[in-house]
Amino acid sequence: MQPNETRIPRREVLISLASLPLAAFVPVLAGASISSPLYFACREGNDLYRVTKASGIPCSRYDHAEEAVGRAGQGSAVLILAEDYPKQTARISPKAYQEIAAKRLRLYVEFPSSVPDLPVGKPQHVAYGFYHNILERGVVASEAFGPALKRLRILALHNCIYVPIESPSAELVLARVAGFDTAVYGLPDKGVHPILFKHPTKDILVATTKLSEFIEGRYAPSEGWLYIWRWVLEWLSPHQEFALSQWTPDVHPTFGKNQLLPQGVEQVAFRRGVAWLSNAKLFVAPSWKKVSYESPAMRGALLGPLPSWPLGDGSDGVLEGFSSTIEWNGKQPVGWNLRNDCIGEVSMSMAFSGVIEKKPENSKISANLNNFIYFNSILASGPRGNPQSPSYGLVGWTLPQAPDTYYGDDNARSMLGSMAAAGLLQSNRWDEKVLRCLLANLRTTGVLGFRHNSLTESQLQKFGWRHFYDEKFVNYHPHFEAYLWACFLRAYEKTHYTSFLDRTRTAIRMTMAAYPNHWRWTNGLQQERARMLLPLAWLIRIDDNAEHRGWLKRIARDLVSFQDRSGAIREEVGSAGEGQYGPPKSNDKYGTSEAPLLQQNGDPVSDLLYTTNFAFLGLHEAAAVTHDPFYFRAENKLASFLCRIQVQSEKQPELAGGWFRAFDFGRWDYWASGSDWGWGPWSIETGWTQSWITSVLGMRDLRTSLWDVTGRSDLGAHLNHLVSIMFK
């Protein structure tokens with residue numbers, strides 16, 4: 001006996017213990033069972049095994065199911081994981097199942113080839129939509145996971161493959177449901193597939209797909225899977241409590257919500273954002289042309305260029321970006337379209353890089369991209385290059401599918417990018433082509449300053465350009481109109497051609513009078529406000545008065561009223577009657593068109609494809625012209641937010657430095673409703689998102705504005721010649 005110990009008579013101890021209620025022993029018994037390990041049949045790198053081991057939970061691993069079952073002690077827990085997924089289901093022999101039953105083991109098995117007493121169908125793929133978008137998501141179907149993960153909570157299993165097994169009840173199912181966090185219309189009557197369920201008569205927990213590779217597969221939102229795995233492990237060992245360590249997702253924001261940002265963070269974000277275009281190998285090289293957009297087999301969203309392929313120099317364009325689809329291994333397909341808007345916008349980013357980083361190779365890429373648009377592709381040739389054609393001067397939308405479609409907004413953003421690049425590169429090579437495109441869009445804009453969202457070659461050949469020029473068309477829709485108005489204001493200042501100003505001023509006045517109740521909105525009202533900032537700021541450049549400043553402040557205040565403390569701008573949808581693409585109104589409508597990232601106002605999501613990127617530019621231009629601290633504060637908060645949420649990933653380096661479309665600033669994760677059929681939450685657009693964010697960061701670094709950068713061209717030198725051809 002040690003000096004400080006007191007010996008208690010054994011008889012007294014027994015009497016004391018006998019007087020305690022049975023419930024008093026439960027914590028002791030639970031603690032005693034913690035030493036009982038979990039028996040894994042998996043590879044050493046399996047995500048679930050790694051997290052379990054890192055959490056200090058006793059576990060042992062074996063390569064084969066039979067070995068894990070054989071080593072497991074009576075009444076212990078075994079996990080058989082599907083290591084050949086998605087090519088091969090997990091094979092468990094009848095003998096192993098017999099031993100499991102004899103030892104009264106609790107079993108978790110995933111993507112199995114067989115389950116006792118339950119028929120297992122052939123592996124099935126999650127349902128696809130029109131643009132290869134994923135229609136089915138994981139849905140919590142019971143109250144098993146407690147208040148943290150309630151019934152009808154939505155989870156993303158991404159591009160999963162599962163084996164059909166019928167079960168009357170399940171904890172987790174796969175179904176087509178509408179909603180942001182919650183399946184707002186409940187589970188559908190048909191097409192609900194069990195994903196995680198308890199065997200009706202045996203101690204077996206069945207997952208019909210591979211759930212254990214939740215980190216590599218980038219299952220989302222990340223926090224939800226912590227609760228699922230805690231419940232699974234506690235079902236396997238009912239007398240234990242499992243404190244799983246939080247893991248870092250393979251693809252995650254660069255900084256935390258409240259993390260102190262280092263000095264020079266914007267410059268680093270700019271460099272990373274521009275480098276992403278090359279690191280992701282998005283500049284087309286001549287040697288892959290026949291493999292990419294000229295091949296029907298490669299059209300649409302497919303996996304990206306192979307590592308062995310050379311990187312282009314811009315002479316053959318730049319790819320559209322990454323699709324929102326996430327494959328089982330965390331990879332994302334690439335959109336192989338060559339879009340005029342994206343190419344022009346990327347030329348701007350590369351030009352900023354050439355100046356700021358003193359990289360002549362990036363300046364060369366910028367010039368080559370503009371040469372591709374205006375000289376070396378069919379985007380500006382064919383009927384678009386024929387002075388007798390009503391489409392003369394317009395630039396086609398995209399290759400290879402739609403060079404004969406002309407969106408005014410896409411032409412506008414491409415021209416803004418080309419003008420900015422020309423100014424930064426100190427080149428007048430594209431001035432005549434850009435003015436030709438400006439005049440082509442002007443002559444297809446009506447008397448009141450509005451233009452149809454898009455026109456086609458067949459429409460123009462049928463009606464002629466003057467039909468649209470003389471039309472009294474009205475379209476209170478800034479998403480499609482505003483940036484063309486900004487271009488016209490820029491063109492007026494350089495040329496003094498009054499039609500640029502007169503029609504634009506009329507349209508802006510009418511649009512402001514119609515705000516907000518009669519505005520059309522595309523995927524949300526916030527993006528319309530964000531788009532309107534640029535022409536309103538530039539109208540002040542042309543005509544600085546109290547009314548114009550009031551218009552700008554009104555739109556900016558309404559936009560910024562939705563800015564979170566983190567700097568994020570929350571999305572909002574407007575009145576239902578004015579929306580073009582609203583949230584899905586039923587489960588069946590989920591994934592059938594373009595759509596917002598939210599399901600209802602209040603969902604804590606930012607849209608970096610349609611709102612945040614353009615708000616960043618608009619606030620910057622508003623601050624530059626007014627010097628009002630209100631705009632500077634909002635812009636600075638937004639800049640910090642964008643630096644924080646820029647993608648960081650060692651596992652998927654092709655995504656590092658990008659910005660996904662969606663960000664949930666409530667849980668600080670990449671998450672949203674995925675109902676949009678073409679550009680979902682995890683898409684990255686080379687134009688739109690990436691180019692405008694990096695370019696505004698570049699402007700901030702150079703202490704300049706888009707107005708100043710685009711003002712270095714000599715558009716006026718070509719005016720009389722082109723007007724005589726195009727307006728006769």
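A few comments on the model shown:
- At least 1 residues being more than 25 Å from the chain's Cα centre (by Cα) and surrounded by fewer than 20 Cβ atoms within 10 Å (Cβ to Cβ) is the threshold, and among the strands (runs of 3 or more DSSP E) wholly inside the range 136-242 those reaching it are 193-198.
- Of all residues in the range 61-75, those satisfying the criterion of being more than 41 Å from the chain's Cα centre (by Cα) and on the phi < 0 side of the Ramachandran plot are E66, E67, V69, G70, R71, A72, G73, Q74.
- Checked against (1) under 29 Å from P112 (Cα atoms); (2) touching a residue at least 60 places away in the same chain (Cβ under 8 Å); (3) assigned by TED's automatic domain parsing to the domain that holds V51, I195 passes all but condition (2).
- Count of residues meeting criterion [among the basic types (K, R), more than 19 Å from the chain's Cα centre (by Cα) and within 29 Å of A183 (Cβ to Cβ)] in the range 552-595: 2
- Within the range 76-103, the residues that satisfy the criterion of being over 34 Å from the mean Cα position of the chain (by Cα), under 28 Å from H125 (Cα atoms) and either assigned to a loop (DSSP other than H, G, I, E, B) or not assigned by TED's automatic domain parsing to the domain that holds Q124 (or both) are R91, I92, S93.
- The set of residues from the range 52-94 being of a type in the set (A, V, I, L, M) and under 18 Å from F242 (Cα atoms) comprises A54, I57, A77, V78, L79.
- Every test in (1) under 30 Å from N370 (Cα atoms); (2) touching a Pro at 6+ places or on another chain (Cβ under 6 Å); (3) surrounded by fewer than 21 Cβ atoms within 10 Å (Cβ to Cβ) is passed by A662 save one, and that test is (3).
- When R712, R703, R667 are screened for being surrounded by fewer than 24 Cβ atoms within 10 Å (Cβ to Cβ) and at positive phi, only R703 passes.
- Residue within the range 430-442 that is touching a Leu at 6+ places or on another chain (Cβ under 8 Å), within 21 Å of N337 (Cβ to Cβ) and not polar (S, T, N, Q) present: yes
- Close contacts from the range 322-336, counting a first residue that is over 17 Å from D250 (Cβ atoms) and a second that is of a type in the set (D, E), with Cβ to Cβ under 6 Å and a gap of 6+ residues or different chains, come to G335/E320.
- Those residues of the range 104-135 which are over 15 Å from L205 (Cβ atoms) and not in a loop (DSSP other than H, G, I, E, B), in sequence order: Q124, H125, Y128, I134
The values are calculated or read from the model by the stated rules, or taken from the named source; none is laboratory data. Predicted model, so just to flag it, every value in this text is computed and none were measured. We place every Cβ from the backbone using ideal geometry, glycine too, and count neighbours over all the protein chains shown.
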